[in-house]
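Inspection log for the structure reproduced underneath, given as structure tokens.
The values are calculated or read from the model by the stated rules, or taken from the named source; none is laboratory data. Quick caveat, the model's predicted, so the values are computed rather than measured. Positions of Cβ are backbone-derived with ideal geometry, glycine not excepted, and every protein chain shown enters the neighbour counts. Just the protein is used for accessible areas: all its heavy atoms, side chains included, with ligands, DNA and RNA removed. Shrake-Rupley method; radii C 1.70, N 1.55, O 1.52, S 1.80 Å.
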Amino acid sequence: MSWLLPRPDRRSVWLLLGLSLLCSALELALLQHKYQLFSGGGFLQPHSFGLISERVIYVLAGWLADLSALICAFMLYNLLCRFQTSSRSHLWFALFVLLSYSSYSWLGTELFQYFGDNLDWQVLANLGGGSVLAAISMVLTELSQHLLPVIFGLLLGIALLYCVHLAFRRYRTPICDAQRWWAYAALLVLLLFPLQLQWVATAQPYRFGLEKKLSQQVLAQLINRLTDIDFDGYGAFGINADAHPLNASLYPGAMDVPGNGIDEDGIGGDLPQLQADAPDALMQLPLRAGQHIFLVVLESVRADALFANVEGQAVMPHLAALAKQGSYSEQAYSHTGFTTSSLKALFNRSLSYHPPQQNLLDALQARGYQLNVLSAQAERFGDVLSSARLKRSGQYYFDADSALSDRLDPSLNAGALRLSEQRLLRQLQQRFGEVNWQQPQFFYLNVQAAHYPYHHREMLPLLTTRAINRQQMQPANKALLQLSYYNAVANADWLIGQLQQLMQQQGIAGQSTQFYTSDHGESLFDDGFLGHGHQLNDTQTRVVLVSNRQVTYPKVLGHADLAPLILATAQNVTPPATEDAVLQVVGLVRSPQQIARVDAEGRMLYDFRQQHFRRSDEAPWQDFAQLSAADQQRAQQLINQWGWLRYQQSELYQQQSATP
């Protein structure tokens, strides 16, 4: 057997065993901190290891992944050294592994408290308005706020590495055993790890725990690339093993073509035949103008901010008064939790890249409305400007790009451009004096007061004189963070009060239909996270919806449902009926991480990575078979609604629709 598994140098053996055990122990501690895997599961976490046998199997399976990944790194290190290693180079290898792992662990912990488990390139791109490069630019802009500590840290690190270099100089004993490790690497990576991936990592609770490990993720991706015979992105091992390895059109996540008798993606059976399009609700309304319309979108304002109080002082007194005099909905939602996709859904009335319904602005122009767009953000961010066609010939347009000298941030990045409430008010006052009020007017206002970091240099101290800075935005400072946020929301409400005064002075308050909504909610560490767009829950997706008119709202509605409701209210006619259900997505529609459907029963959520459902925000995760009959029906409705949307925005559907 010595020729099959030659004996390597003991120093290399102890190095790899020690590093793998240390990395495994550190990651176990980190995973326990994040998910409480060994103590009953954290908040809404679906799995934990309660039995001793489960813990032993999980620890051994995780250590096997760490050891396999470490041996791959060790062989790469030997190749770079041309197989001429020494005790000194081994020490440098160990230091590099520990520094890399520590940096990854720290970064992962920091990102987890902001994004949870849902951060990927698409979520990052959504933060950048659809562009990963724009998102990276925004992150670099954010890091510039911490430039001095970063420079200090780099200088300190260089000094420490130089000290280590001096300390390692005396370790020069040659260790030339790399050739003996090839058999061990092959045994671990090509035999033992694939067995773990197939027989352990596919079963719960091990799948949930192992998928959180970096080594497991990297090696699983490597093995599946090596076994992907038909080059469809899926190999022969793991929970997403390709059941049709010789057919590139059938794989987990493939687009399911409705009614063809084939379940391409392996989710929920074959997608039912696409239902015939219902008449467009907006085009069913009378072809005439109604009252003046004001549509105000508030950046990042949570639904519960409407009637919130801070030390007895109302956060949004003006909007709350309008809600009580007029009407409001407590079940209005963003479809995605992101600004750009929410605005596109609002104007285009669809999550599809190819919206089949009439655009809101097209409908208003057809009825004789003058369009007035006044936005405190750069609407080119995320391609909202061109996608919703906000800038039109003969119509009024103003956004942050129109007043670059008044921007609040020195950056010219589209995602960072914004104007203060005072600057937007001045532009609004100017426009009010210019328009012909005998012609029906539509005003779209976008207010950026509550945008991260919840403060700017012109912000009024309406609730507090204290403002949190970026370095302080940690769970330990949640109270100060929320106070700063609510002060920012109060500034948005201040502008609403100024708008009310302008309409009173112009004498149009009684002849106007006003709708106020937000693009998405915002987590403030109250659900363990900060920000938006990465969790499908009420905190991040439930939005404000208020009108000065008495409106009968659907039981549940999303941004895509608002346009007919707004126009029908302005025309004083009954709005067309809606489905009373809202589809929500994290990531791209064609390849999401999670999808959800909010109806009168709550939110039914499906996670594509873990392949299980949750019947409400408070319920545990379950497999489809564990759901009740009623919830199985809701789950199937979710899968079907998402599948139809995905198919409708595909090139295949567009080609078929264009064929006479």
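Quick grid of which residues meet (1) touching a Ser or Thr at 6+ places or on another chain (Cβ under 8 Å); (2) free of Cβ contacts under 8 Å to residues at least 12 places away in the same chain:
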{"position": "SER393", "(1), (2)": "no, yes"}
{"position": "LEU408", "(1), (2)": "yes, no"}
{"position": "GLU421", "(1), (2)": "no, no"}
{"position": "PHE432", "(1), (2)": "no, no"}
(message) Kindly evaluate ALA568 against the criterion of being modelled with pLDDT of 95 or more and touching a Pro at 6+ places or on another chain (Cβ under 7 Å).
(response) yes
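Which residues, counting only those in region 372-395, are surrounded by fewer than 19 Cβ atoms within 10 Å (Cβ to Cβ), outside any helix (DSSP H, G or I) and over 21 Å from the mean Cα position of the chain (by Cα)?
Restricting attention to region 372-395, the residues satisfying the condition of being surrounded by fewer than 19 Cβ atoms within 10 Å (Cβ to Cβ) are 380, 383, 386, 389, 391-395.
Of the ones still in play, those that are also outside any helix (DSSP H, G or I) are 380, 389, 391-395.
Within region 372-395, ARG389, LYS391, ARG392, SER393, GLY394, GLN395 meet the criteria.
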(request) Exactly one condition in (1) assigned to a loop (DSSP other than H, G, I, E, B); (2) under 25 Å from LEU343 (Cα atoms); (3) of a type in the set (S, T, N, Q) is not met by GLN427; state its number. (result) (1)
(message) What pairs come out if I take residues in region 60-88 that are basic (Lys, Arg) and pair them with residues that are assigned to a helix (DSSP H, G or I) whose C-beta lies under 8 Å away, six or more apart or interchain?
(response) ARG88/PHE168
(request) Considering each residue of region 174-217, count those that are within 17 Å of TYR77 (Cα to Cα), surrounded by fewer than 16 Cβ atoms within 10 Å (Cβ to Cβ) and of a type outside the set (Phe, Trp, Tyr), and give that number. (result) 7
(request) Confirm whether LEU565 is touching a residue at least 60 places away in the same chain (Cβ under 8 Å) and under 28 Å from HIS354 (Cβ atoms). (result) no
(request) May I ask you to list the residues in region 401-414 that are closer than 27 Å to GLN439 by Cβ and open to solvent by less than 60 Å² (accessible area, probe 1.4 Å)? (result) ASP401, ALA403
(request) Go through (1) without any contact (Cβ under 8 Å) to a residue 24 or more places away in the chain; (2) buried (at least 21 other Cβ atoms within 10 Å of the Cβ) one by one and return the number of the condition GLN438 breaks. (result) (2)
(request) Return yes when ALA314 is over 20 Å from GLN535 (Cα atoms), open to solvent by 30 Å² or more (accessible area, probe 1.4 Å) and among the hydrophobic types (A, V, I, L, M, F, W, C) and no when it is not. (result) yes
(request) Could you identify the single residue in GLY259, GLY253 that is surrounded by fewer than 14 Cβ atoms within 10 Å (Cβ to Cβ) and either assigned to a loop (DSSP other than H, G, I, E, B) or at pLDDT below 85 (or both)? (result) GLY259
(request) Return the pairs, sorted by first residue and then second, in which the second residue is of a type in the set (Phe, Trp, Tyr) and open to solvent by less than 40 Å² (accessible area, probe 1.4 Å), the first residue lies in region 494-505 and is closer than 18 Å to LEU462 by Cα, the beta carbons are less than 7 Å apart, and the residues are 6+ apart or on different chains. (result) ILE496/TYR516
(request) Inspect region 4-23 for any residue being touching a Pro at 6+ places or on another chain (Cβ under 8 Å), at pLDDT 85 or above and either part of a helix (DSSP H, G or I) or open to solvent by 60 Å² or more (accessible area, probe 1.4 Å) (or both) and give the result as yes or no. (result) no
(message) So for region 351-364 (the condition being of a type in the set (Ser, Thr, Tyr), crowded, with 19+ Cβ neighbours inside 10 Å and in contact (Cβ under 8 Å) with a residue 40 or more places away in the chain), does at least one residue qualify?
(response) yes
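Would a scan of region 517-527 turn up a residue that is assigned to a helix (DSSP H, G or I) and either open to solvent by 30 Å² or more (accessible area, probe 1.4 Å) or modelled with pLDDT of 95 or more (or both)? Step through it out loud before you land on a result.
Narrowing region 517-527 to residues assigned to a helix (DSSP H, G or I): none.
Within region 517-527, not a single residue is assigned to a helix (DSSP H, G or I) and either open to solvent by 30 Å² or more (accessible area, probe 1.4 Å) or modelled with pLDDT of 95 or more (or both).
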(request) Those residues that are open to solvent by 20 Å² or more (accessible area, probe 1.4 Å) and in a helix (DSSP H, G or I), I need them from region 456-485; list them, please. (result) ARG470, GLN471, GLN472, PRO475, ALA476, ASN477, LYS478, ALA479, LEU480, GLN482, LEU483
(message) Looking at GLN593, GLN611 in this structure, which one is within 22 Å of ILE239 (Cα to Cα), in contact with a Lys or Arg (Cβ under 7 Å, 6 or more places away or on another chain) and not aromatic (Phe, Trp, Tyr)?
(response) GLN593
(request) Only residues that are assigned to a loop (DSSP other than H, G, I, E, B) and in contact with a His (Cβ under 8 Å, 6 or more places away or on another chain): list them for region 500-516, please. (result) ILE508
(message) Being at pLDDT 85 or above and either under 28 Å from the mean Cα position of the chain (by Cα) or over 20 Å from ASP177 (Cα atoms) (or both) is the requirement here; does VAL97 meet it?
(response) no
(request) Kindly establish whether LEU91 is at pLDDT 80 or above, aliphatic (A, V, I, L, M) and either outside any loop (DSSP other than H, G, I, E, B) or surrounded by fewer than 19 Cβ atoms within 10 Å (Cβ to Cβ) (or both). (result) yes
(message) Step by step: first the residues of region 55-74, then only those that are surrounded by fewer than 23 Cβ atoms within 10 Å (Cβ to Cβ) and among the small types (Gly, Ala, Ser), then the one that is nearest to LEU195 (Cα to Cα). Which residue is that?
(response) ALA61
(request) Select from region 542-560 the residues that are out of contact with any helix residue (DSSP H, G or I) (no Cβ under 9 Å at 6 or more places or on another chain) and either open to solvent by less than 10 Å² (accessible area, probe 1.4 Å) or under 29 Å from TYR454 (Cβ atoms) (or both) and list them in ascending order. (result) VAL556
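Has region 407-424 got at least one residue that is under 28 Å from the mean Cα position of the chain (by Cα) and at positive phi?
No, every residue in region 407-424 fails to be under 28 Å from the mean Cα position of the chain (by Cα) and at positive phi.
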(message) Kindly evaluate LEU627 against the criterion of being open to solvent by less than 20 Å² (accessible area, probe 1.4 Å), in contact (Cβ under 8 Å) with a residue 40 or more places away in the chain and touching a strand residue (DSSP E or B) at 6+ places or on another chain (Cβ under 8 Å).
(response) no
(request) Pairs only if they're at least six apart or on different chains, beta carbon under 6 angstrom, first in region 318-335 and modelled with pLDDT of 95 or more, second among the polar types (S, T, N, Q) and open to solvent by less than 10 Å² (accessible area, probe 1.4 Å); list them, first residue then second. (result) GLY326/SER547; SER327/SER547; TYR333/THR541; SER334/SER342; SER334/THR541; HIS335/GLN584
(message) Among the residues of region 24-56, what is the count of those that are modelled with pLDDT under 80 and farther than 15 Å from GLN204 by Cβ?
(response) 8
